[in-house]
Structure formats: structure tokens, C-alpha cells
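Everything below concerns the one structure shown next.
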Amino acid sequence: MTFNLTYKPYGARAILIEWPAVIDEVILKDIIRFSDVIERKNIKEIVEIKTAYNSLLVIYESVCRNYENEVEKLKNYYFSKGFEYDNMSKLWKIPVCYDAVFGIDLEAISLAKNISKEAIIERHSQVNYTVFFIGFLPGFLYLGGLDELLYFPRKETPKLSVKKGAVAIGGNQTGVYPNESPGGWNIIGNTPISFFDIEKSNPCFAKSGDCIKFHSVTIKEYHNIKKLVDTGVYQMESEVIDG
């Protein structure tokens, strides 16, 4: 499936390509496919490609002096035939401790929604969430697929410090804070897994198109896993899926 894309300058060295403004997995797959097409062309003038919910940003090494010509090239790449897109992705299984010591906003959500904390945890951990893109902070995954019953508005006053690994809900999204930072989402648990490690060749293990599955662990299991993570011997569970 192809879309009627729009192309526009984004500063002097980039072109922004936009799809329909909705959060949709069909659009995500098309964005990833197009990004792969451009990357496989090995165009030396292109230094980076960034993806978002419904857009692709192509960044060039220098100023685009012939913008129309570059757009025409991109359009031809988009409609190019014979490109075999590898749509294999990974499902990453992430342990989360929803204990009250970590899930500091679980009670507030439970009271506001008139559902038990156990029901919130069950609904939150039974979904395969799709990674749409990475942003806000290095390693912060924007995930789609949150149960509508768990939608909850962001805090009016953000916290100045949210712990690394905090699992949270903000509006119609859920996510994990990869490092300690300010944040306005509602915290329901914590994972001992590191979502961003600058020392690794691939600092963030997940990519757009992958899936995340949370599973509940006790506080004892949490600390045992954290010890393995801190010593660099923890093996994260994952499986290949057909994206």
C-alpha cells in the first residue's frame, strides 16, 4: 500500500516527508520500508534519517541547493519496485515490578478509574506494544497499543525527577523512562532493564517496528534481575516475529 505523501523543506539541510496524521501500524510499516529503501541506496549526501509517528526526516550533509531535484529522487525511491523489505521484528519481554514502592501513581489511577490495581497491572501487561519511534530522551520508546481503559491524563505539574526505569502512562500512551529525568507521566512500576547504554555498539536494543511485552515480577525478582543487569550478564528474553 502506498500513500499520497507530502514533502517540505525542514531547515536548509533536511526534507520532511509526511504521511496522514494518524497513529497507525500500516503507516509505520510504510515509513520503515521507505527508510530502508533510502538507507540501502547508500547516498553519501544523506547523513541521517529520523522517523516519527507519521513522518520521515531526511538530513543531508550540506545545504540542499536543488530542493526540487532531491524531492523528485525521494519520490522515485518511494515508488521503486523490486525492493524486498525485511519485515522481521523482535518481541522484547520486559520484567516490571508494579509494587507500591515503584508504582507511586497506581492508587490514583485505581481510584479515578474505579478499577483495582490488580486489574490495571493485568491489562497493562497483557498487550504486545508496538514501538513507533524513539524520542524525547535517548532510548525512550513511543509505544502504541495501550488499553483504552488505562488512558489517563498527564500530570498538570511534572515531577522534577523520575527514576530510571519508571514505567508510566501518559494520555493514551505508555512508556519507560530510560534515565532519570523530569517527567509528567503517571508512574505505575519500574523495570530493572536498561533501555539505553552508551557503552554498547547498539545503545538501544529496540527499534521502530519491534514490540514490547511487559510481565509482572515481584520486588525480590526485580532486585535479582537488577544485580544481573548491573554486572552485565542478564540475558533479555526476545523472539523474532513477523512484522
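Read-outs: derived from the displayed coordinates by stated rules, not from any lab. Computed from a predicted structure; not experimentally measured. Here the Cβ positions follow ideal geometry from the backbone for every residue, glycine too, while neighbour counts run over all protein chains shown.
Provide the packing ranking of 158-167, 1-10, i.e. peptides ordered by the mean count of other C-beta atoms within 10 Å per residue, highest first.
Descending packing order for the listed peptides: 158-167, 1-10.
Lys/Arg Cβ at +1, Asp/Glu Cβ at -1, dipole of the chain taken about the Cα centre: which of V217, G145, N66 is farthest positive-ward?
Looking along the dipole axis, the top candidate is N66.
Determine the dipole magnitude for segment 6-78: charges of +1 sit on the beta-carbon of Lys and Arg, -1 on that of Asp and Glu, nothing else is charged, the reference point is the Cα centre, and the result goes in debye to the nearest 20.
It comes to approximately 180 debye.
Looking at segment 1-107, which trypsin sites (Lys or Arg not before Pro) are in a loop (DSSP not H, G, I, E or B) and have at most 16 other Cβ atoms within 10 Å? Before the final figure, lay out each step's value.
On the way: sites: R13, K29, R33, R40, K41, K44, K50, R65, K73, K75, K81, K90, K93; in loops: R13, K41, K44, R65, K81.
Hits after loop and neighbour filter: R13, K41, K44, R65, K81.
Taking the Cα centre of the chain as origin, work out the dipole magnitude from +1 charges on Lys and Arg Cβ and -1 charges on Asp and Glu Cβ, in debye rounded to 20.
In total the dipole reaches around 340 debye.
With semi-axes √(5λ) of the Cα gyration tensor in Å defined as stated, name the option among (1) 36, 19, 17; (2) 26, 23, 18; (3) 39, 17, 15 computed from the structure displayed.
The value computed from this structure is option (1).
If each DSSP helix of 4+ residues adds -39,500 (n - 2.57) and the sum is divided by the residues in the chain, what number results at 222 nm, nearest 500 deg cm²/dmol?
Numbers: 5 runs with 56 residues, N = 243.
Per the formula, -7000 deg cm²/dmol.
Looking at segment 114-171, which chymotrypsin sites (Phe, Trp or Tyr not before Pro) are DSSP coil and have at most 15 other C-beta atoms within 10 Å of their C-beta?
Answer in residue order: F136, Y151.
If you plug each phi of segment 18-34 into the Karplus form 6.51 cos²θ - 1.76 cosθ + 1.60 with θ = phi - 60°, what whole-Hz ³J(HN,Hα) values come out, in order, with x for Gly and Pro?
10, 9, x, 7, 9, 8, 8, 5, 5, 5, 4, 5, 5, 4, 5, 4, 5
List every residue whose amide H lies under 5 Å from the amide H of F133, counting only residues 5 or more places away in sequence or on a different chain, with H placed 1.01 Å from N in the peptide plane.
For F133, whose amide H was placed from the backbone, the distant partners under 5 Å are Y142.
Of the GluC sites (Glu not before Pro) in segment 152-232, which ones lie in a loop per DSSP and count no more than 16 other C-beta atoms within 10 Å? Can you show the working numbers first?
Values: sites: E156, E180, E199, E221; in loops: E156, E180, E199.
Hits after loop and neighbour filter: E156, E180, E199.
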